[in-house]
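Below: one structure, written as structure tokens.
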Amino acid sequence: MYNLPYYRVEGHTRFCHAGIDEEAGELWEWGSGEHIFTSKYPAEVGKIEGLDMIVVAGHVGTAEISGDPGFHDIYYDGKSHIYIDGTVWKSGKIPVLMVETGDDKDKFIQEKTIKIFETIFIVNWAKN
């Protein structure tokens with residue numbers, strides 16, 4: 001795990017564990033240190049000013065972000081953030097998000113929620 005990158009860019013989407021330094025603007029790649037990529041808290045919502053991108057992150061529970069104590073799924077703020085629930089230990093489920101990247105726009109499809117006690121996932125971040 002120590003050799004994996006802190007983020008991955010596909011199309012207009014940035015995938016990371018906890019988030020990016022949004023105040024860094026276009027310099028988010030250099031402004032976001034290890035602590036931000038891996039431990040950013042609290043989660044931010046709303047439009048990331050000056051950046052035309054979506055950030056997909058986990059790390060926190062979507063119940064906290066949504067304000068609904070029973071919500072443990074994929075949360076989209078309608079602007080620049082998609083959060084995948086980070087409290088799988090509480091819900092017993094792993095939300096799965098499929099992203100189709102394109103030249104102009106990326107398409108996000110909530111694939112399904114899988115009970116972690118029935119299925120084990122291995123995520124391959126290596127680019128083919």
Practice item. Evaluate the distance, in nm, between pseudo-label points positioned 7 Å from the Cα of VAL9 and of LYS47 along their respective Cα→Cβ axes. Key: 2.2 nm
Practice item. Kindly put ARG14, ARG8 in sequence by how many other C-beta atoms sit within 10 Å of each C-beta, fewest to most. Key: ARG8, ARG14
Study note, to complete from the structure: For LYS93, the residues 5 or more places away or on another chain with a placed amide H closer than 5 Å to its own amide H are ILE116
Practice item. Please turn the phi angles of the range 26-35 into ³J(HN,Hα) values with the Karplus equation 6.51 cos²θ - 1.76 cosθ + 1.60 (θ = phi - 60°), one per residue in order, whole Hz, x for glycine and proline. Key: 5, 9, 4, 5, 8, x, 8, x, 3, 4
Practice item. Provide, for the range 7-115, the number of lysine pairs with alpha carbons under 14 Å apart, each pair being eight or more places apart or on different chains. Key: 6
Check your understanding: Which whole-Hz ³J(HN,Hα) couplings does the range 41-54 yield from phi under the Karplus relation 6.51 cos²θ - 1.76 cosθ + 1.60, θ = phi - 60°, glycine and proline marked x?
Key -> 7, x, 5, 9, 10, x, 6, 7, 4, x, 10, 9, 7, 10
**Study point:** Kirkwood hydrodynamic radius over Cα pairs of the range 7-115, then Stokes diffusion coefficient at 37 °C and 0.692 mPa s, in µm²/s
**Key:** 232 µm²/s
Exercise for review: Output ³J(HN,Hα) for the range 84-100: one whole-Hz value per residue in order, computed from phi by the Karplus curve 6.51 cos²θ - 1.76 cosθ + 1.60 with θ = phi - 60°, and x for Gly and Pro.
Suggested key: 9, 3, x, 10, 5, 5, 8, 8, x, 10, 10, x, 10, 10, 9, 10, 9
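Taken together, the values in this text are just the output of simple stated rules run on the coordinates, not laboratory data. Here the structure is a predicted model, which is why all the values come from computation and not from measurement. Because the Cβ atoms are built from the backbone with ideal geometry, glycine has one as well, and the counts that use them run over all protein chains shown.
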